Each structure stands twice: as C-alpha cells, then as structure tokens.
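Here the structure is laid out as structure tokens; the discussion comes afterwards.
Every number here is computed from the coordinates shown, using simple stated rules; none is lab data. Worth saying up front: this structure is predicted, and the values here are computed from it rather than measured. Glycine gets a Cβ as well: all are built from the backbone with ideal geometry, and neighbour counts include every protein chain shown.
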Amino acid sequence: MARIPFFPHTQEDVSRMLERIGLSSLKELYADVPPEFFHEGDYDLPSALGESEVRADVEALAARNRKLIIFAGQGAYDHYTPTVIPALTSRSEFQTAYTPYQCEISQGTLRYIFEFQSMICALTGMDVANASVYDGPTAAVEAARMCVASVRRRKRIIASGGLLPCVRKVLETYARYGGYSLSISENPLSELDDSVAGVILPSIDRTGCICDLSGAAEAVHAAGALLAVYCDPSALAVLTSPAEWGADIAVGDAQPLGMPLSYGGPYAGFMACREALMRKLPGRIVGQAYDREGRRCFVLTLQAREQHIRREKATSNICSNESLMALWATIYLSLMGPEGMRELNEACYRSAHDLRGRLLSTGIFEASPEGEFLKEFTLVPRRDAAHLHKFLLDKGFFAALPDEEGRVSFCVTERRTKAEMDALVAAVELFAKEEGR
Amino acid sequence: MSYYDRLIFELSKSGRRGAYVPCGTGKAPVPFGNGSGIWRKQAPALPEVSEPDVVRHYTRLSQLNFGVDSGFYPLGSCTMKYNPKICDALPSLFADLHPLQDEETVAGARELLSRTGRFLSAVTGMKHFTFSPCAGAHGELTGLMIMRRFHEMRGDTARTRILVPDSAHGTNPASAALCGLEPVTVPSGPDGLVDPEAVKPLLGPDIAGIMLTNPNTLGLFEKRIGEIASLVHGCGGLLYYDGANLNPLVGVLRPGDMGFDILHVNLHKTFATPHGGGGPGSGPVGVCAALKPALDAVDGKVSAFHGNFGVVVRAYAYLLMLGREHVKELGPFSTLSANYIKESLRDKYKLPIDSVCKHEFVFDGLLDDGGREGVPGATTLDVAKRLLDYGFHAPTIYFPLLFHQSMMIEPTETESLETLDEFIAVMRRIAEEAASDPALLKSAPHHTPVSRPDETEAARHPVLKYSPDK
C-alpha cells in the first residue's frame, strides 16, 4: 500500500514511540475502550486516491455544473475579485494559523482584523465593529440578541418584510428556539409598542430599492427600542450610513466586497454598533495595546463577554469568526479605496439602469413603481415568472429570479459586459416573441 | 526580520489607487451625492494605496504570523494538523456558482455534498448530514435545534434541560442556553470521567439529552459511555456528540456505534481544512436515521445558503486521499503522538490523571516552578510564552477549568517523530529554566516581533479602530 504523504510515521518510529510509552501495539492505546465499540472491518470509503486523481475527480464534478452568466443577487453578488486578494490570503502564515490566542506570534492576524474593524466602522459610520461572524443572516440574529440583551424586559423583534429572504429565513429559524420573539412586518414602525426590543430594517430592500430611513430611528427610540440596519457594505460607500440614519447597530454580509459566489460560502458577516453597546457586541474584538517595550501591538480584547469565560451566561455561543474572509474584505477595500468604491457603484448604477430600460422596452414587463436603486431591481412580468426564468436559464443566464409575488429580480454588477447584456436582452426579446405566438 | 509597525491607513496618500474599475454601460446620470437623503455626503475614510503598497503591507503582516506551515502547533482541542495544499487548489473550480442557482445547474456541487455526507457517515456512523453550519459552535447550536425539534415532533415539550459535564468545551453550555435549554452540570469523577451514578439522579422527563465530547477535554475516553447512553435513552433523552475531539476515534470507532444520536464534525479540525486565523470553518451535523425529519426541519435554515461550501470541497478532497486504507491510521497515529509526548515529559510536568490518553492530554503546570521565598514560580502562561521563543506555538492554556494550571497538548498525526523530539527537548529545557531562573520565563517571549502586551490596559481603555489623530 502506498504511503499517505502527510502521515510521517515509519514502522521504526512507531516501535520507538510505543516502547517509550511501554506498550507493544497501537491497539493497546485503546485498551480503555469497551470491545463492543470497535469498528471491525473496512470503512465504507473509496480506495485512497493520489493527488492527481483527486484533482481529476473534483474537476469532473465541477464540470457537471453549468457555467451561467449571473444577472441575479438576492444576497450574493457577482463582483470582480482582484487577483491580489487570493494571492495574499493564500499565504500560509495567514491561512494555517488558528485564532490569535498567542498575540506575540499573531500580529499579522490581529493587525488585519483591526483594519477590518476600522473599515467596517468607516462604511457604517459606527463606533465599534467586531472581527466578523459567520454570514450576514447570522449577524442579523446576533443583532436581534443584542437588542434583547440591551433593552430590559423586552424580547420582541420586529423585522421588516423587505429584508432579503435568506435573512428572514435565518431570523425565523433562531426565533423558534428562544432568545427573542419575531414579528415580520411590511411596516414595522406602525407596530411599535412597549414589548419591542429592536427593529431590523434593510438599507436596500429585497426588490433592490434603496430605503429612505428618515424618522425611523427617532420613532424606534421614542418607543424605547433599538434600531438595527441590514446593509450591503459595497453600497454603503455611496449610501447614507446606518449611523447617519441614527441606527444603533449595523449588520450585513461582506460578500459583496469581492468575495466569489462559491455556491454560498465562505462569506463573512459583519457587525458594528454605537459605543454604548460595545460590551454587548458578540464575537472576537481586536484592540490596540502596547508591549513591555512600549511598542504598539494588537490583542483580542473585551473577552469577558465571550462564551469561554461566561459559558451559559454568554449572549452568544460564537467562538470563531470568518477571519480569512475578513482579510479578503480588508484587502479588497484597501485596493479599491474611496474613489474605487464610488466608481464601482457608478458602474453598477449605470449598467443596471441601462438594462432596466432595455428590458422594459421589450414590452413584456409592466413599468412597476420605481424607487431609487443601485445594482438590483425588480420587474413585474406580463408572462409567467417561472417560465421566463427557465427560458433564460436554457439560454445560459441566471436571471429573472422569481419572488413569492410573481415578480422577478435582476442584478447587474461591474463584471457584466455590454455583450452579455445585449445577449440577455436578445434572449428576453426572443422569449417575448415565442410567448406572443 | 524587524518589527513592522504600520497600519494600511498609515500608508494612505490622497489620489492613490490599487484597483481598476470598468465604467459600466449606458449613460444614466449618476445621482450620488446630489443632496437627496439616501446618498452619502462624505466618502468613507478608506485608505488610498497602490497595488504594490497593498501587496507589500500584507506580505509583511503575514510574516508576523505563525501557522501550521511555520512550525509545530500543539494547541489542544484545536487539532492543528497539516492542511494538504491540493485541497486549497480546488474550491476555485466552484467560484462562479450562485448559491440560488437551479438544482439542475449545480449537479456537481450537489453531488460533492452528498458524497461528503456519505463519507462522513462511514467515518462517524451517523446516517444523514446537513452542511449548513459554518463552524463547530454553529453545528452545536444546529444539533441542539434538531434535538429540540425531535422531542417536539413527538409532542414532548417538557424537555427543557440538558446535561453538560463540567469538563465540556465552553461552547456547549453557551449553545444550549441559546437554544432555549437550561444546562445542568454533571461533575466529573476523580478519574476525570463522567460517572453514570452522577448522571442518574439528574435524569427525568425534563431532560432533553446530554452533550458529551469523547474522548473528553482531558483526552480521556469516557469508557462508561454505554451505560450513560442506556440511562439517557431510558429516560427519553438523546445523546449529542461534540465532534471537537473526534480525531483519535477516526478509523477505530464511531460515535454512532456508541449510542450517540446527533453530532457535529469540525471539518477544520478532523478533516484538515485550514483554520484561516479563526475561520472560515465548517460544522456539518449528522444524525441517526430516526432524527432525519428533525434534521430536514433545520437543514438550509441556519445560515444564508448552503454553509461554507468552499470548506466542504477541501474536506472532500482530503477524504478521497484518506480512503479506506489510510483512515485506520489516523486516530491511532494521533493517539500515539500524544502519549509519546506525555510519557516523555511527565517527570517535569504535573500529570493530574495518570492514564493512557487519546489525541491530547493535560498537564497541570510544572513539577518544579522555581518558586521560592520572594521569588514567584513560573506559571503555565510563562511556559507558553517561553515556547514561542523556541519557535513552537503554545498549547491551549488554562483550559479545561478542572485544574488551575491546565496546559492541553495535542500533537496530531501529521508531526514526525523528529518534531515531537524537538518539542520534548524544548519543554524539558524550559522546565529546567523554570527551576533555576523563573524570571526568564516570566519575561518571555524575548525573540518574537512584540513582547507581552498590557491586556488589562487595552480592555480598560479600548481602542478598537484606527483614527488618524491617535
């Protein structure tokens, strides 16, 4: 049998080690295991493959996926990834490190997390951000828990029906198991009462419309509750920030900051809040410190909030973050800068408005009421939405995503070329013609 | 390499750029900043740097880090094994798949998930898996949701408490509490194990189940698991297996055969995916056949889409290389390495429980800490910091909470005998240093990019983001 390349034990090594322990076989290492529990016989796994065979196997699987041109968003956005990012994040000092418990040999990780926190604060306008959580929807759950932990004797959270379906789904799942009770409302501000701990509103709703949040924070605060805003951090480069709207907490998914779609992950959730809520913010937080020689350095801080100290009294069980993806977002924002982020949003805005106009001229959509939008928009088709979606799928487009109300959404990022948009419009025209027959 | 002190913000110069952005199609006038309330008035304070600035900055930051590729990383409970490079090369094959794509366009991705589920079933003895959880603690929470759902589906709503041993990982009681279950602590016996006699009086119609990690956090096999399983099942409860310590069992025995009903697996520990400085991980949850309906009720609903798919791709590739031939070597080699270190150091470090360990073990500090009248002895923290000087990562320290000077060492199966011998030699040398000159340890590390920071001050006056005037 060929040796596996990452188990270095030779027969001689094994004998020497057993001798030191005072045993004569590997089996004796398990002498404390009751015999009925041993797994006798072969494991139901394929025969071991070598590296070249593994590569071929996974390539064959990948070839069974269809390559589509993506004109859809709904929580995952096809922005371009500058080559610099994977080149740097794949450096093994970043990739193969653990959580930075030993700060003296983890200054790389700690420094980029501090930069990530600073950039999330810059985008959201908030005072404090954490080192990231699993994804946007779980960040929304943590925001709900923060509200409940911060407002005495209130457990109800009102979430806007305008939140993305993936966010609403996860909020509903967690609500079922305690911590907070959830109401979904199309008009959350009209339902405020003294049972409400927090309100979660989108900065851009699921149809792509940018939300005017004037007055929201005042109303929520007047009712004694906190306001959390779910946002797209890429769009925040040009949108009024949650802090400027008066929100207390800002959360969302960092995926639009150059992370590949990757069939849904890994991405990274982000969380930021006002200073007053700092000690209620879950997850890892990195702070500035000084070492014995007075040199600036960075450490995990405010750990008294966390599960390994507080155990069942912790407000969150999270003990990791999506560190490497936080690095991804940090490098992305460094490369883009304020100017690049504005240009990116301009490109999305122009292309999305161009496409919407051209789709409307095909005559198969109703001119639905229009709010201001950036890269994602929703139309009402005069034909069956699911049928349109499938027709476009056959032509190689992932577009016209149907929602529960029979509408379809489109999304255009800076990655979509004029040729791809022409082809999509032509496909929709063909659909209109064939359907018209 | 000298200490590198800059933040990316401190390299910023107005007018610099590190990325090209295309300008889009169409001629729609862009209304940003037109005075309407929805548009931002001032650009966010992001750094303005060139591409070479960025590349050099993050390269230098990486050089201040220590990873598994830099050296031995015996961090207990974290299973810091080598991460095969081929596994990292494969996720990008799936980079352009949108998570909401129609089933028929993602056949390869679905097949990969279903094969990985079958492989994990073979290794753990569980029947069905969900890949939605993004990390171990996320898996615990998902597993407990499944437990609660199972009881509810039987119309049993009285089970609101869950047994958790005092040696459990901190995430166990935290996950239980978040899932609406009240954790009830089971004290460990003098041998460090859960005694079924201690479990018995805690059982009743209000107990949803028990959370166990086996081997436990002392690295000791809970050998009375069969009796514990009968007791808990007998009162209508379920057994949850915390997969953090699965490594030594791989290829030898399976949680499913010991009576566990639900488990999570840390792909970033047992199945060799890189830890990424604290994530992304992946914590798939497996259940026995009877719990399939409860699993289906939460599958896909605890995270945005399908969990951390890119991490699953890596674990799949690793499982292919392991295969049925090498899987049987994994657990025994990791166990062999841990016992070898333990036996080689027990004359210098306090071994609180003398027994064959599994993949990890716990020392309770130094036998001779050098402490004398007026001279404080060296602590576990001091040993850990001194190890950094010698080019090793430290063990997990001050966990488990059962001892005051816990030092939890887990070598994994990917370290060679030579590496283990070097580590042993250094640990012995540190013990000698402690005995003769504890102050040397107290001021360690001496050869790292920075020395010990003042963490108390950092927590008292937190500076948590960059601001130009500080």
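Sort A:H39, B:H306 by Cβ crowding within 10 Å, fewest neighbours at the top.
Details: A:H39 19, B:H306 22.
Fewest-to-most ranking of A:H39, B:H306: A:H39, B:H306.
Distance between the C-alpha centers of the range B:297-349 and the range B:228-261? Whole Å please.
17 Å
Expressed as a rounded percentage, what relative contact order does chain A have, with Cα pairs under 8 Å and six or more residues apart? Can you show the working numbers first?
Working: 747 pairs, mean separation 83.4, N = 437.
It comes to 19 percent, rounded to a whole number.
If every alpha-carbon in chain B counts as one equal scatterer, what log10 I(q)/I(0) does Debye give at q = 0.10, 0.13, 0.14 1/Å?
Listed by q, the Debye log ratios stand at -0.88, -1.27, -1.37.
How big is the Rg/Rh ratio for the range A:349-435, C-alpha atoms only, Rh by Kirkwood, two decimals?
0.92
Taking neighbour Cβ counts within 10 Å as the exposure measure, how do B:D354, B:D382, B:D469, B:D195 sort from fewest upward?
Numbers: B:D354 9, B:D382 26, B:D469 3, B:D195 17.
Ranking B:D354, B:D382, B:D469, B:D195 by Cβ neighbours within 10 Å, fewest first, gives B:D469, B:D354, B:D195, B:D382.
Calculate log10 I(q)/I(0) of the range B:85-322 for q = 0.13, 0.16, 0.18 Å⁻¹, where I(q) comes from the Debye formula with a single equal point scatterer on each Cα and nothing for solvent.
Reported log10 I(q)/I(0), two decimals: -0.74, -1.09, -1.35.
Alpha carbon centre of the range B:26-56 versus the range B:98-175: separation in Å?
Cα centroid to Cα centroid, the span is 41 Å.
Tell me, Kirkwood radius of the range A:68-196 from alpha-carbon pair distances, in Å?
Details: mean 1/r = 0.0560 Å⁻¹.
Across the range A:68-196, the inverse of the average 1/r is 17.9 Å.
My understanding is that a pair violates if its Cα-Cα distance is over 20 Å; which of A:K67/A:K390; B:K127/B:K292; B:K269/B:K328; A:K155/B:K301; A:K27/B:K358; A:K27/B:K342 do that in this structure?
A:K155/B:K301
Just the number, please: Stokes-Einstein D of the range B:378-425 in µm²/s, Kirkwood Rh from C-alpha pairs, 37 °C, 0.692 mPa s. Can you show the working numbers first?
Numbers: Rh = 11.6 Å.
Value of D from the Cα-based Kirkwood radius: 282 µm²/s.
In which sequence would A:R356, A:R292 go, from the one with the fewest C-beta neighbours within 10 Å to the one with the most? Present the calculation step by step, with values, prior to reporting the outcome.
Numbers: A:R356 23, A:R292 11.
Exposure proxy ranking, most exposed first: A:R292, A:R356.
Which of the lysines could be linked to B:K13 by a straight reach, that is with a Cα gap under 22 Å, when you skip same-chain ones fewer than 8 residues away?
Once the sequence-local lysines are set aside, what remains near B:K13 is B:K41, B:K465, B:K470.
Report the FRET efficiency, 1/(1 + (r/R0)^6), for A:L430 and B:R16, where r is their Cβ-Cβ distance and R0 is 51 Å, rounded to 0.05.
Details: r = 46 Å, r/R0 = 0.91.
Computed FRET efficiency for A:L430 and B:R16 comes out at 0.65.
What does the charge count near A:E244 come to, summing +1 for each Lys or Arg and -1 for each Asp or Glu among other residues with Cβ under 15 Å from its Cβ?
On the way: positive: A:R274, B:R40, B:K41; negative: A:D127, A:D212, A:E218, A:D248.
Within the 15 Å Cβ shell, the charges total -1.
From the convex hull of the Cα coordinates of the protein assembly as shown, what is the mean projected area in square nanometres? Show your work: numbers first, answer last.
On the way: hull surface 147.0 nm².
Over all viewing directions, the protein assembly as shown projects a mean Cα-hull area of 36.8 nm².
Would you mind giving the three semi-axes, in whole Å and largest first, of the ellipsoid equivalent to the range A:84-330 according to its Cα gyration tensor? List each step's numbers first, then the result.
Numbers: eigenvalues 178, 80, 53 Å².
After scaling each eigenvalue by five and taking roots: 30, 20, 16 Å.
Per DSSP helix of 4 or more residues, -39500 (n - 2.57); summed, then divided by the residues of chain A. What does that give at 222 nm, rounded to the nearest 500?
On the way: 13 runs with 161 residues, N = 437.
Using -39500 (n - 2.57) per qualifying helix, the result is -11500 deg cm²/dmol.
Going toward the positive end of the dipole of the protein assembly as shown, with +1 on Lys and Arg Cβ and -1 on Asp and Glu Cβ, which of B:P400, B:Y349, A:V220 do you reach last?
A:V220
In terms of the ratio Rg/(2.2 N^0.38 Å) built on C-alpha atoms, what value belongs to chain A?
That works out to 1.16 for chain A.
Per the Debye formula with a single identical scatterer at each Cα and no solvent contribution, what log10 I(q)/I(0) holds for the range A:170-262 at q = 0.24 Å⁻¹?
For the range A:170-262, the Cα-only Debye profile gives -1.33.
Which net charge results when you count Lys and Arg as +1 and Asp and Glu as -1 among the other residues whose beta-carbon is under 12 Å from that of A:Y177? Walk me through the numbers before you get to the answer.
Working: positive: A:R145, A:R176, B:R148, B:R149, B:K301; negative: A:E172, B:E152.
That sum, taken over residues with Cβ under 12 Å, equals +3.
Please compute the average number of Cβ atoms from other chains found within 10 Å of each residue's Cβ in peptide A:22-32.
On the way: counts 3, 4, 0, 1, 8, 2, 2, 14, 10, 3, 10.
Per-residue shielding by partner chains comes out at 5.
So what is the orientation-averaged projected area of the range A:256-390, using the convex hull of its C-alpha atoms, in nm²?
On the way: hull surface 55.3 nm².
One quarter of the hull surface, i.e. the mean projection, equals 13.8 nm².
Under a Cβ-Cβ cut-off of 10 Å, what is the net charge of the residues other than B:F9 that fall near it, where Lys and Arg count +1 and Asp and Glu count -1? If you can, show how the numbers build up before the last one.
Details: positive: B:R6, B:K465; negative: A:E115, B:E10, B:E48.
Local net charge: -1.
I'd like the distance between the alpha-carbon centres of the range B:426-443 and the range A:256-275, rounded to an integer number of Å.
Cα centroid of the range B:426-443 versus Cα centroid of the range A:256-275: 44 Å apart.
What is the diffusion coefficient of the range B:395-470 in µm²/s, taking the Kirkwood radius over Cα pairs and the Stokes-Einstein relation at 4 °C with a viscosity of 1.567 mPa s?
Roughly 80 µm²/s, to the nearest whole number.
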